[in-house]
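Every number here is computed from the coordinates shown, using simple stated rules; none is lab data. Note that this is a predicted model, so its numbers are computed, not measured. As a convention, Cβ positions derive from the backbone with ideal geometry for all residues, glycine included, and neighbour counts pool all protein chains shown.
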Amino acid sequence: MAPAAYDEKSVDGTTQEKPATWSSREFGEIYEEYSRQIYYLALRMLSDPAQAEDATHDIFLKAFRSMQQFRGDSAVRTWLYRIAINHCRNLIQSWHRRTMVTNVDDAFWEHSSASADTPLQIMETAELGKRIQKTLDRLPDEYRLLLLLVADRQLGYDQIAELTGQTSDAVRGKLYRARKAFAELFRKSE
Amino acid sequence: MDIPHKKLEQRTENETTQEQQQQSGQQQTVRQFSSAEEMLQHDAEQTTVPDAVEIRLKRSTTDLARPAFPWWKRWFRG
């Protein structure tokens, strides 16, 4: 990613150059490796690209602040997901988001999940993203979270069980029902 | 991972090549996923994190790492 290359006026009127590098190389590597998964979780949990952007910033800032306390008892991935899940849940609770209708402008989606080079791919991705979001929004919170976690190929059932506070068998059973519910709602969303 | 019985399909309008466009306009393509997680995995892989997050985070973490500006320095700067 290209470093930031513009100046900004600080509060006292002097010009401050925006930091082009991470203050901690270790943290920069963590961000590079996990930011996509964390942003994706926030995007699909919060149903809003702008809120997901803010949430991703806040999640990683929390991680940065607590990096000294991280003892390595769990994997970095699990540690970050725990922060992310708690953060998003708190946001959802405080906004009572689940009782509100999502009215995100369509144009948002076209920019949020498009990494494709050609217009065709952008169109495909935007359409798919919209239908996935519509489907996830109709799922119970628990099913939605389980599906979003299992969407990370690197997360095993044991880690998902740890993150959601249940046994691996319970995760398997609920995921089976979650998949069925998702498939049914997705077909209806066409 | 368990695989549901029915495949999930995502129909999208697909632009054809110039030759095909001249002949038959546009065609439909069907993208198939064997399960919900396969679809979500694909969706996640297509998602990019906005550059603004990294820029803001670099600034925030640098601010946190920087020692606080002493009050007496602020005082003398007037």
Hey, rough spin-label estimate for B:L64 and A:R177, points 7 angstrom out along Cα→Cβ, what's it come to in nanometres? 3.8 nm
Treat each spin label as a single point 7 Å out from the Cα along the C-beta direction, and report the A:R82 to A:E32 distance in nm. 2.6 nm
For B:E9 and B:A52 in one chain, what is 0.36 nm times their gap in residues minus the Cα-Cα distance, to one decimal in nm? 12.2 nm
Roughly how many nanometres apart are two label points built 7 Å out from the Cα toward the Cβ at A:R25 and A:F70? 1.7 nm
Say the cut-off is 25 Å between C-alpha atoms; which of A:K62/A:K174; A:K62/A:K130; A:K134/B:K58; A:K62/A:K180; A:K134/B:K7; A:K130/B:K58 go over it? A:K62/A:K174; A:K62/A:K130; A:K134/B:K58; A:K62/A:K180; A:K130/B:K58
